[in-house]
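The values are calculated or read from the model by the stated rules, or taken from the named source; none is laboratory data. These numbers come from a predicted model, not from an experiment. Ligands, DNA and RNA are excluded from the accessible area calculation, which covers all protein heavy atoms including side chains. Shrake-Rupley method; radii C 1.70, N 1.55, O 1.52, S 1.80 Å.
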Amino acid sequence: MILASLIIALGLVGTCLAAQAADPVVVGSKRFTESYVLGEVVRQTLVDAGVPALHRQGLGNTAVMEQALASGSIAVYPEYTGTIVRELLKKEGAEAVAPPLEQINRWLAPRGLKVAVPLGFNNSYALAMREDDAARLGIATLSDLAQAGGRLRFGLSHEFLLRADGWNALKAAYGMPFTPGNALDHGLAYQALARKQVDVMDVYTTDAQIARLGLRVLRDDRNFFPRYDAVLLMQAQLEEGPLAAALAGRIDERVMQAMNAEAEVDGKSFEQVARDFVARNKAAAGSRPSAVHSAPATHGQRFLDRLLAPDLARLLREHVTLVFASVAIAGAIGIPAGVLAVRRPRLGQPLLAAVGMLQTVPSLALLAFLIALVGGIGFVPALMALSLYALLPIVRNTHAGLVSLPPGMRQAGLALGLRSGQVLRSIELPLAAPTIFAGIQTAAVLNVGVATIATFIGAGGLGERIVAGLAVNDTAYMLAGAVPAAILALLTQWLFDALEWVLLRRRAQAEGKGRAGSGG
């Protein structure tokens with residue numbers, strides 16, 4: 001009943017938000033540097049052509065992006081032909097080997113999608129090792145790796161471990177005898193490889209870190225990986241003309257690797273990297289752009305530059321809205337649920353157990369379920385998830401506050417002629433208020449941290465900076481999101497402490513006046 005009410009209420013909220021939505025083209029991107037950069041290039045190119053557009057960064061893996069396209073939450077995002085053919089369309093064998101775009105579009109048509117605007121470069125998957133280890137072991141190809149002795153440690157990304165064209169298929173194709181360890185974020189895997197914590201990782205061949213760290217990319221001598229030509233995957237009704245005119249064939253491997261390096265090595269923001277490319281592209285007047293770097297504003301931008309970037313106000317606004325809206329919804333549901341648990345003891349334990357179980361559901365799994373439920377990404381599923389996570393402390397504290405009251409208090413109120421509802425409102429809830437308020441406070445402080453997951457589904461918030469920092473292995477960028485979140489948690493704690501102090505003071509003043517009146 002409670003969850004159904006929440007779903008219905010938030011469904012209505014989602015409907016209202018959808019009705020009020022503006023018309024900009026929503027560009028998506030995955031959680032790695034190149035996708036961030038290309039997503040921003042697409043957005044700026046559209047805006048330059050007079051088409052309103054916004055960029056939802058770092059939404060997730062291929063499955064999340066496909067769902068976002070299908071639901072209309074995004075209209076276009078940069079993708080790769082090999083990923084589309086093998087991961088989305090599940091094609092195998094001969095038909096999966098470099099099919100033309102016309103064939104891919106025939107396969108995509110029933111889904112209401114299309115590919116367009118080939119950008120001009122192939123960014124293949126590969127495995128890479130440190131050069132000294134590869135030379136010492138005599139490993140130059142994937143077949144050499146399969147025959148290598150010793151215990152090599154693998155640091156593979158989450159998506160590569162699960163993809164149809166990822167580790168399991170590669171292992172079978174080459175007869176790899178290795179069992180990889182736990183998955184690593186792609187950006188962190190480079191750091192682990194440099195520190196000799198892992199020996200082999202999956203890479204994209206345009207990654208800037210390959211040259212920077214001097215890695216050896218192992219040759220795919222059995223041609224397992226298909227071509228991963230960069231294209232734009234979009235809804236079928238989207239007009240690709242402005243994008244094709246400005247971007248088709250304009251980015252080769254050298255240019256893309258240079259842009260990745262500007263973000264990962266020079267410390268430039270994705271927006272600045274894209275702006276520089278778009279400017280060079282326009283200046284070239286249709287010729288292929290140069291890979292010459294524009295001078296970064298600051299080399300390895302300082303923490304304060306990251307922290308006080310222009311997006312801070314927007315991210316704080318999104319974060320605060322998610323936190324306090326979710327706590328308000330959880331309070332509206334959790335307090336009655338706690339009362340019900342006390343009034344109906346047979347329902348109490350199952351209800352408390354069900355609310356407790358919500359805390360055990362992994363956040364990303366819950367988000368994926370809610371995306372499917374509401375049919376889109378963004379604010380509504382994130383708000384639903386945070387509201388569910390906030391229920392436990394509110395329900396439990398309401399229950400604990402009420403059951404801790406003297407048993408005779410309720411009977412005394414009823415004996416005075418008060419109805420059950422009046423006893424609850426006038427006696428029990430006011431006396432239990434400090435405990436209930438503590439539960440709301442706990443939920444609010446916890447949700448400040450949990451709300452950082454909202455960025456994975458395009459709901460914004462300070463998590464955008466944390467995820468982007470992970471993508472480029474930029475500690476300053478991560479801290480620029482983590483520090484404001486920590487400060488916001490402290491401010492939330494202090495705000496509730498101040499509210500509690502005010503409420504207790506007013507209560508004491510009211511009781512004092514009551515005693516003075518009775519004494520007179």
* Asked: So what is the calculated 222 nm ellipticity per residue for the chain, using -39500 (n - 2.57) for each DSSP H run with n of 4 or more, over all residues, to the nearest 500 deg cm²/dmol?
  -> -18500 deg cm²/dmol
* Asked: Carbon-plus-sulfur fraction of the accessible area of segment 231-277, 1.4 Å probe, in percent?
  -> 48
* When all protein chains stay in place, what accessible area (Å², nearest 10, 1.4 Å probe) is found for ASP311? -> 40
* To do: Could you work out, for segment 73-230, what percent of all Cα-Cα pairs fall into each 10 Å distance bin, beginning at 0 Å and stopping at the bin that holds the largest distance?
  => 10, 38, 33, 15, 3, 0
* On a 0 to 90° scale, report how tilted helix 363-374 is relative to the longest principal axis of the chain, with both axes built from alpha carbons and the result rounded to the nearest 10. => 90
* In degrees between 0 and 90, to the nearest 10, how far off the longest principal axis of the chain does helix 2-20 point, with axes built from Cα atoms? -> 60
* Could you state how much accessible area SER426 has, in square angstrom rounded to the nearest 10, with a 1.4 Å probe and all protein chains kept in place? => 80
* Structure fact -> Result for segment 85-154: accessible area per residue, probe 1.4 angstrom, in square angstrom, of 47
* With axes computed from alpha carbons, what is the tilt in degrees of helix 379-403 against the longest principal axis of the chain, rounded to the nearest 10 within 0 to 90? -> 30
* Asked: Carbon-plus-sulfur fraction of the accessible area of segment 315-414, 1.4 Å probe, in percent?
  -> 71
* Asked: In the chain, if every C-alpha pair distance is counted and binned at 10 Å from zero, what percent goes to each bin?
  -> 4, 16, 24, 23, 15, 9, 6, 3, 1, 0
* For segment 82-204, which whole percent of the accessible surface, found with a 1.4 angstrom probe, sits on carbon and sulfur atoms? -> 51
* **Separation between Cα centres of segment 301-323 and segment 447-505, rounded to whole Å** => 10
* Structure fact -> Dimensionless Rg/Rh of segment 331-422, both radii on Cα and Rh by Kirkwood, sits at 1.14
* Would you mind calculating the relative contact order of the chain from Cα pairs under 8 angstrom and at least 6 residues apart, reporting the percent as a whole number? => 18
